[in-house]
1. Taking only pairs six or more apart or across chains, which ones have beta-carbon atoms under 8 Å, a first residue in segment 164-188 that is at positive phi, and a second residue that is loosely packed, with under 12 Cβ neighbours inside 10 Å?
2. For segment 91-101: of the residues being modelled with pLDDT of 95 or more and touching a helix residue (DSSP H, G or I) at 6+ places or on another chain (Cβ under 9 Å), which is farthest from residue 139 (Cα to Cα)?
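The values are calculated or read from the model by the stated rules, or taken from the named source; none is laboratory data. All figures in this text were calculated on a predicted structure; none of them were measured in a lab. In this analysis, Cβ positions are derived from the backbone assuming ideal geometry, glycine residues included, and neighbour counts consider all displayed protein chains.
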């Protein structure tokens, strides 16, 4: 019996390590149990360290806030472009304290690649929730004169309210012309 248990442990150890399974020796005693009989159910190998880390670090999937497009789901987990919150300023079209996030980094030339999305969120003065979300999405051929950015801004009046579109297109690009040197993206 001890020999059969040892063979089972050896076979399971080799299988878990990716090695070949040991072949059991034929039973010499009719009262012993073979490895095949003992290991009738397949044994799953233990997860690798990478799999374990990936499972524990994985963020739960999120949905975009009501009124915002699905492509903005989880934008606040993208890399932040500003070091500190950007305070409101006089005649600020995005009135509030702002943070800016990007789905992709700008290239060595300072330009964002096609498909990049930049999101600016603002907490309005005196509020404790994000009341404004502005998006820039780079789409080939969308607006060649302005580096193909599509710009849209949404606002809401309370934490639970859905966002509604406030502005898009020329209204946005006319202001962002000031940031032409940084591919139309403000981060200060």
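1. 183/110; 184/177
2. Looking at residues that are modelled with pLDDT of 95 or more and touching a helix residue (DSSP H, G or I) at 6+ places or on another chain (Cβ under 9 Å), I get 99.
Residues checked against (1) within 20 Å of residue 177 (Cα to Cα); (2) in the same structural domain as residue 169 (by TED's automatic domain parsing); (3) in contact (Cβ under 8 Å) with a residue 24 or more places away in the chain:
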| residue | (1), (2), (3) |
| --- | --- |
| 96 | no, yes, yes |
| 109 | yes, yes, no |
| 117 | yes, yes, yes |
| 124 | no, yes, yes |
| 131 | no, yes, yes |
| 139 | yes, yes, yes |
| 151 | yes, yes, yes |
